[in-house]
Each structure stands twice: as structure tokens, then as C-alpha cells.
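Since the structure comes first, as C-alpha cells, the remarks are kept for the end.
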Amino acid sequence: MESALTDPELERLARRLAQNPNPNALSLEAVDGLFCALIASPTLAGPSHYMPVILGGETEKSAVFADSEDATDTISLLMRYWNSIAEDFRNGDHIHMPYTEEPGTDNIPGRDWARGFMRGTRLAPRGWDRLFTDEKEGMSIAIPLVAGEVDPQWPKEPLTAEKTNELLQWMFAGAARAYRYFEADRHRLANQAGAAMSPEEAGYGEPFVRPQRKVGRNEPCPCGSGAKFKKCCGAPGTEPPIN
């Protein structure tokens with residue numbers, strides 16, 4: 001697996017995304033939240049679904065990237081970032097620590113991350129209502145709360161440093177719990193998708209098609225000798241006829 005992004009690479013990716021002139025483009029903090037939701041989700045949303053969200057719509061590459069090298073490098077960094085988050089989730093020994101910026105949108109740390117996460121739940125919506133209404137998964141409700149989707153007027157007063165840290169911990173732990181919550185769903189859907197695939201789609205190559213009808217052992221040999229196949233080209237140690 002490719003290594004996680006270094007701090008300079010993270011800063012380069014954050015700068016590239018921030019330079020996107022599209023007003024709907026996502027910051028790196030929002031991309032982190034988006035990726036967390038999509039990776040945790042039981043359904044699959046590929047790059048064709050989430051790249052337009054990250055770039056702010058179906059825009060011309062020339063308006064987003066300086067040149068082809070810039071585009072290639074940025075997309076490569078995004079793919080590596082996705083893989084590093086997925087690895088963090090698979091490794092249950094620690095929680096993925098998202099990229100966040102201070103002081104945060106509306107002076108609420110983590111708001112862009114939470115909004116990116118909620119965008120992800122709408123790109124791959126199956127199951128999220130079940131999670132957010134599960135009384136045993138109370139941590140997850142912090143995400144739509146910080147995103148401003150529970151109460152647009154929240155918070156009524158400035159958050160203390162202690163409350164901010166608590167909410168951030170709840171959000172990030174909630175994302176990790178969502179990954180585990182949907183684990184059985186992902187396995188089930190992956191198995192169903194695999195069963196529905198053709199051999200080519202499943203990665204097993206072209207299906208084998210016999211080039212001609214199999215010759216019976218007691219039938220005349222196709223080489224034209226007039227002998228039975230079992231006594232001619234079908235005899236043990238004999239090479240089969242090549243047509």
C-alpha cells in the first residue's frame with residue numbers, strides 16, 4: 001500500500017484545493033469528512049461520483065488545474081488520501097484523526113469536516129437514517145449537529161475549548177463507529193455484487209469457450225485416419241490434432 005501523505009504533501013493538497021476558483025469546491029477539511037462518510041458507507045461511490053463534488057461541479061479541468069501535471073498530482077494525492085483514511089478505519093487500534101483548520105467556518109472548528117461528511121451520506125445514502133436514529137450510536141449525532149443540520153441556530157453561545165474538544169472527539173469517534181456499524185452491510189453487498197458479476201467483471205479473465213465439439217473416444221478421429229479417436233490421436237501420450 002502507498003504511504004500516507006506527509007505533512008508537506010497535505011499542505012500542498014490543501015493549497016491546491018483552496019486555489020480552485022469554483023465557489024462550490026471543497027476544502028481539504030471537507031474532503032476528509034466526505035471520504036470518511038463514503039468509506040464507512042455500506043454502498044460504493046466511486047471517483048466519478050465524488051470528484052465533481054470535490055471540484056465543485058462538472059467544470060473544465062482547465063479552470064481547476066494549472067496544467068495536466070497539476071491535475072495528475074492533485075488527483076494522485078486525493079487517491080492516496082482516500083487510501084490512508086481507509087487504512088485507518090481498517091486498523092481498529094486507533095481513530096482516524098481528520099485534517100481540520102482553525103478557527104473553522106462560522107468560528108466552529110470541524111464544521112467543514114462535518115458538512116463534508118454529510119455530503120458523503122447523501123452520495124451513498126443507504127443505511128444512514130438507521131445509524132443516526134440508533135440510540136446506541138449517540139456519538140454520530142454530533143456530526144449533523146456541528147454541520148448545522150440539526151439546529152441552524154446552534155450554538156446559542158460561543159463554544160468553550162472543552163466543549164469544542166468534546167464535540168470533535170464525538171464526531172471522529174462517530175465516523176469510526178459508523179465504519180464498524182456498516183461492516184456487515186458492506187460484506188453482504190460485496191458478496192452480492194461479486195455473485196452478479198460475469199467472470200470478466202470479477203477479474204477472472206475471458207470465459208473459456210471450447211473451440212470445437214469434444215470428440216467421443218469411439219468416434220472416428222478428426223485427423224482423417226479412419227481409426228477410432230481412442231486408438232489414434234486420443235491415445236495416451238499422443239498430441240491432440242491441431243486444426
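The eigenvalues of the Cα gyration tensor, multiplied by 5 and square-rooted, give the range 59-151 an equivalent ellipsoid with semi-axes of 28, 18, 15 Å from largest to smallest.
Within the shell defined by Cβ-Cβ distances under 14 Å, the residues around Thr43 carry a net charge of +2, with Lys and Arg each +1 and Asp and Glu each -1.
Every number in this text was worked out from the coordinates using simple rules, so none of it is lab data. Computed from a predicted model, the values in this text were never measured in an experiment. Glycine also receives a Cβ, built like all others from the backbone with ideal geometry; neighbour counts cover every protein chain displayed.
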